[in-house]
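A short write-up of the structure that comes next.
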Amino acid sequence: MNKVHVHLPIALRKFAKGAATIECHADTVLDALLELDELDPSMSERLLESGNAAPKKYINVYVDGKHIAKTGGLATPVANGGKLEIVTAFAGG
């Protein structure tokens, strides 16, 4: 498994003891997101649709600056030392 740095948005940091970046070991985006459950068992529920098929609609995930929608979705591989960024959508008016 590769060592990956996961950057959390402010809204999710309370579930990670306030940490902005978490180091995890994963081969794919899905592996990394599921490992976040070790911080808080509800983390994958907050990030993933039922069945872990896709990120929730208001969650955007980037691997080394590229949106996973263009690189293979949750099956996108993550490299050793790679950066995974979780971004929550904003709405309002």
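For the chain, what does the relative contact order come out to in percent, with C-alpha contacts under 8 Å and a separation of six or more?
Dividing the mean separation by the residue count of the chain yields 36 percent.
Whose amide H sits under 5 Å from the amide H of THR28, counting only residues 5 or more places off or on another chain, with H placed in the peptide plane?
Those qualifying (amide H under 5 Å, at least 5 residues apart or on another chain) are VAL78.
Answer with one residue from PRO41, LEU8, GLY51: the one whose Cα lies farthest towards the positive end of the charge dipole of the chain, charges on Cβ with Lys, Arg +1 and Asp, Glu -1.
LEU8
Please work out the average accessible area per residue across the chain, using the 1.4 Å probe convention, and give it in Å².
58
Could you give the size of the charge dipole of the chain about its Cα centre, using +1 on the Cβ of each K and R and -1 on the Cβ of each D and E, expressed in debye and rounded to the nearest 20?
380
Quick one: length gained pulling ALA53 to LYS83 fully straight, 0.36 nm per residue minus the C-alpha distance?
Taking ALA53 through LYS83 to full extension adds about 8.7 nm, to one decimal.
Please give every one of the aspartates and glutamates within straight-line cross-link reach of LYS14, meaning a C-alpha to C-alpha distance under 12 Å, and leave out same-chain neighbours fewer than 8 residues apart.
ASP40
How much of the accessible area of the chain, probe 1.4 Å, is carbon plus sulfur, in whole percent?
53
Just one of (i) 16.1, 60; (ii) 12.1, 34; (iii) 12.2, 43 is Rg and Dmax of the Cα atoms in Å as worked out from the coordinates here. Which one is it?
Step by step, Rg and Dmax of the Cα atoms in Å for this structure corresponds to label (iii).
Name the residue farthest towards the positive end of the dipole of the chain from the options PHE90, GLY72, ALA19, assuming +1 on Cβ of Lys and Arg, -1 on Cβ of Asp and Glu, about the Cα centre.
Of the options given, the answer is PHE90.
The values are calculated or read from the model by the stated rules, or taken from the named source; none is laboratory data. Bear in mind the structure is a predicted one, so any value in this text is a computation, not a measurement. Glycine gets a Cβ as well: all are built from the backbone with ideal geometry, and neighbour counts include every protein chain shown. The protein model used for the area step is the full one, side chains on, heavy atoms only, and it has no ligands, DNA or RNA in it. Shrake-Rupley method; radii C 1.70, N 1.55, O 1.52, S 1.80 Å.
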